[in-house]
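Data block below; observations after.
The values are calculated or read from the model by the stated rules, or taken from the named source; none is laboratory data. What you are looking at is a predicted structure, and each value in this text was computed from that prediction instead of being measured. For neighbour counting, all protein chains shown are included, and Cβ atoms are generated from backbone atoms with ideal geometry for every residue, glycine included.
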Amino acid sequence: MKLSLRLSCLLLLTCGISGFLGCIPKEDSSKVITVWHWMTDRQSAFQELSRRYEATTGIKVNFELYAPSEAYSSKVRAAAQGINLPDIFGILGEKRDFASFINAGHVLDLTPYMDADGKRWGDSFFPKALEVNIFTEGNSYGTKAGVYGVPIDITTIQMVYNKSLFKKLGLDPDNPPSSFNEFIEIGKKIKANNMQGLVSGWTEAWMIDCFAYNYAINIMGEEKVLNTIRGKVSYADPDWVKVFGIFKDMRESGILANGIVTMINKTAEQLFANDKAVFAFNGSWCVNVYKGMNPDLDYAAMLPPKVSDKYPMVIRGGAGSSFMVNARSKNKEETVRFLKWFTDREQQAYFSKATQNIPANKDCLKDIPEILSQFADDMEFAIHPNIWDISEFPAVTESIDKGIQLILIGERSPEQVASEVAKIKEREMAKKNN
Amino acid sequence: MKLKAVLENYVFVLPAVIIFSIFYVIPFIWIFHLGLYNWDGILPTKVFVGLNNFKEIVLQDPAWWQAMMNAGYITLIALTFQNALAFLLAWACDREIRMKNFYRVIFFIPPVLSEIVVGMVWRFIINDIDGANIINRMLTAAGFPNLVHNWLSDPKTALTTVALVHSWKGFGWGFLIFLAGLQTIPRELYEAARVDGANAWQSFKKITVPLMAPVMALVAILTILGSMQVFTLILGLVGGEFAGHTSVPVLRILTSMRVSSRFGYACAQGISFGLILVVISFIQYRFSHKAKQA
Amino acid sequence: MNVNIYYKARKATTTALIHLFLLMMAVICVFPLLWMVFSSLKTPETIFRDLSLIPKSFHFENYYIAWQQGGFGRYFLNSIFYTVSVVVGIIIVSSMAAYAFSRCRFFGRKALFIMFMAAMMVPIPGSFVALYVLLNKIHLRDTPFGYILCMISVGLSTSIFLLKTFFDKMPKELEDAARIDGCSKLGIWWHVALPLAKPALAVVVVFNVLNVWNEYILALIIFDSRKFMPLQVALQTFQGEFVTNYPLLMAGLTITVLPVILVYFLMQKYIVKGVTSGSVLE
């Protein structure tokens, strides 16, 4: 008897303590705005802005960080299931997922706010930044047309090159290669000098995707690419074989760094920052990263060298990160007001300087540092698949990215990949039409 | 009085059963039933597709089976190389040698490190351009320059390298359990055998192996279950699936969940994975049972 | 005489070889940990340029900075609380169940045991979403109690399996003696079975400590209040979305690893010593 009594007391005590800890009353949520984000590097900038907002309006804004981004994405989706989303959150993923969130009723339609006052808020942004958050009339997701998110910065994904390594190779540091053939030629020099050429996080499928789509649009034009996604053009088309062939050419020329297919982007950044690679394919966030690892790095931005002159060379660009408002938030008006303040010129200028990123507000460009402005200048060439009204099937995207990886390690030819992708596309189209 | 005794039995298992039912069985049933739907994990509506997901896994998902083969390969290396090593070290430490305690602590450091750290550190040790290239340098110094290789970036060797690192991390557990098992064998048995004229190999075969059989079975099953589910280590070492060369079932499931937004399909994959593990464990159980009787 | 010397020489060589083998393995085991510790003493700029093991200058302040920046104080305590609660909970619950499965005969014994075994073999990847939804429904979501229950459930199957295997092997004489003396079943479990099972319990402790201490995804998903977060979640703040402060990360990882090594160090004595001292053969 005594023993079981002791045990049950111990058990009850533990339950009691943890239950007590769990029952601490939640804060009064009427004057608090909660923001969930994944941007570790910006937490201090966010907190500073939150302090300023509280000082001027008395409203508390809690920025809660959940990293890394995959875990954040899982948390947001779980919270959506449990109808527990915070006032402000971000949706990481494709337009398709964004549409699902909207259709499930989790995202507030911001169109009335953006259009108010003669479109004052909407017009303060770079059109390309806002575009990824817009759903057009008659889109393929069945979402009501409108603006559903707020961009807080701009990112472009381009190439950068190391000027001091250029000098070592005997190349003109102010004249990066503008044509693909020039680019490949440099590969031979790099190999001869035992250096590493292009680094990029190409174990991450989306990075390969970026590069491939840039060249796809350069080779066949945006319309044909869109028609391929719509299913009207096959991936076995010779133009697509040309796109896949680019990777084969790069591999054979020696322009790619060793093990590029096993590199995560952080590794690629660390290599480029330490003068170990001549080229990098990375996004404008790299400015901040390189500065942290090697403030003396002598580098500049360049467009990916084009293959054809028929169509323009494009780069992936648009909103870097966007915030969405919870449609079920108890503080809708307060939240929107905060976001308006957050994306206003003064705050964006501070934010951009503090985090070394291109602002989404178009009136702040003069405040950004030199190297970033090189990225910003190329915004005119920027394009983003999320502005299209249709997404490719995930199985097809996966087979494209995996196929390219296989080309890069020499296990497939461009023709083989093209026909494999075409087959998977047919299968997915058949499934959809059933 | 009889009733009290019977009730007592149930009281013993009650807490376990209650917690288990709530926190395992219910989620399991939820996920099991989700495998019958097409669902992206976000929309409130799901589309019932019956066994289509499972059909797709079996017939139209070569990537899944490649992942299974890869996991099987890693498990095989763990069962043989890792456990043989663990047993050898446990046997070495079982004898009366100095520094036994020191080794016992040192050998368990790899399991204590988290998989992310292990992946990061070993990647640094092995890789040449983004690491210290230590393995290759050692090979050259030892006089084997033609063995130098891109262990992690060559698709042919990447999986084996991953399996070896996994074994490095895992052998500490086998070592511990084997050592505990070896220590339960009474010394008198060995003494008696020595007096009877048996040499080391004979006493090993006739005393050690039979008495250690249940422990070996235990370690085998834990190894299988642990190695089939490896994935964080792969992310640290090669960044991802390496065009399928280092893909494993858990990574495929996470891809279905997060990248392809196919939650229902991911659940179906999870269920298939579980079924296969049950079959493998059952086979292993039968095998060790037969061996025990031999 | 000669035979004696020959025998001694052979024994010495074997011992020397064994020692060499053990030392080699020890170096291979320790090297990565050493690398981690020495990396934590470098700076973000030098960590990838200076490839030598031992840094030129030692930046011990990284540990202090990591502790401050990561807010380790609170999260460390949380992790300790969760780990202790879960381990105590599992030991009680699983040892009771394992004892019953091993020693008692009752209806449904085999079926229940198979159920637990099946659970061990059928992992649910992505179970964190299911648990989130479940905890939400029973209003235990953003609470330590809910998290602890989930973690107990996670470790239950393997712990029961380990303990039952051990109980099966345990000689019954001591228990029979206690029963003749009039001890209740609960008493036998507490006074006889558990002390004898110290080695297996130590393994269960180490296993679950590792599981709970290194867990982070479930905690990240079900906790909304930062004050409940465990240590692993705090570590993520060093792995920036874009910038990773590697030395601080290494310092944080070292701090995280030390308590577990300590626990193992304390437990490993029991694992190996326990059985031989309590042997019935004496």
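Below is a table of values for the structure above.
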item	result
Every pair of residues 6+ apart whose Cβ atoms lie under 7 Å, when the first sits in region A:104-116 and is in the same structural domain as A:Gln81 (by TED's automatic domain parsing) while the second is at pLDDT below 90 and in a loop (DSSP other than H, G, I, E, B)	A:Ala104/B:Ile42; A:Ala104/B:Leu43; A:Ala104/B:Pro44
Failed item in (1) within 13 Å of another protein chain (Cβ to nearest Cβ); (2) among the aliphatic types (A, V, I, L, M); (3) not in a helix (DSSP H, G or I), with A:Val289 passing the rest	(3)
Which numbered condition A:Lys232 misses (of (1) free of Cβ contacts under 8 Å to residues at least 12 places away in the same chain; (2) in a loop (DSSP other than H, G, I, E, B); (3) over 21 Å from A:Ser391 (Cβ atoms))	(3)
Subset of region A:360-376 (residues that are closer than 18 Å to A:Asn288 by Cβ and not aliphatic (A, V, I, L, M))	A:Cys364, A:Asp367, A:Pro369, A:Glu370, A:Ser373, A:Gln374, A:Phe375
Test: residue in region B:93-107 that is in contact with a His (Cβ under 9 Å, 6 or more places away or on another chain) and either modelled with pLDDT of 90 or more or under 30 Å from C:Leu149 (Cα atoms) (or both)	no
Residue satisfying condition, being more than 7 Å from every other protein chain (Cβ to nearest Cβ) and surrounded by 17 or more Cβ atoms within 10 Å (Cβ to Cβ), within set C:Val87, C:Val93, C:Val122, C:Val129	C:Val87
Failed condition for A:Met313, given (1) touching a residue at least 24 places away in the same chain (Cβ under 8 Å); (2) assigned by TED's automatic domain parsing to the domain that holds A:Val107; (3) closer than 28 Å to A:Asn386 by Cα	(2)
Helices (runs of 4 or more DSSP H) wholly inside region C:146-263 that include at least 1 residues being more than 11 Å from chain B (Cβ to nearest Cβ), at pLDDT 85 or above and touching a Pro at 6+ places or on another chain (Cβ under 7 Å)	C:217-222
Selection from region B:257-294 of residues that are in a helix (DSSP H, G or I), of a type in the set (Lys, Arg) and in contact (Cβ under 8 Å) with a residue 24 or more places away in the chain	B:Lys292
Counted residues, region C:30-62 - those being surrounded by 17 or more Cβ atoms within 10 Å (Cβ to Cβ), modelled with pLDDT under 75 and at the interface with chain B (Cβ under 9 Å from one of its Cβ atoms)	1
Evaluation of B:Leu251 against (1) in contact (Cβ under 8 Å) with a residue 60 or more places away in the chain; (2) surrounded by fewer than 17 Cβ atoms within 10 Å (Cβ to Cβ); (3) within 11 Å of chain C (Cβ to nearest Cβ) (one fails), failing number	(2)
Residue ranges of helices (runs of 4 or more DSSP H) in region A:322-434 with at least 3 members away from every other protein chain (no Cβ under 14 Å) and in contact (Cβ under 8 Å) with a residue 12 or more places away in the chain	A:332-342, A:345-355, A:370-377, A:414-433
Subset of region A:59-77 [more than 9 Å from every other protein chain (Cβ to nearest Cβ) and modelled with pLDDT under 90]	none
Single match in C:Arg74, C:Arg141 (criterion: in a loop (DSSP other than H, G, I, E, B) and of a type in the set (D, E, K, R))	C:Arg141
Flag for C:Arg141 being within 14 Å of chain A (Cβ to nearest Cβ) and basic (Lys, Arg)	yes
Qualifying positions in region B:44-60 - in a loop (DSSP other than H, G, I, E, B), within 11 Å of chain A (Cβ to nearest Cβ) and touching a residue at least 24 places away in the same chain (Cβ under 8 Å)	B:Val49
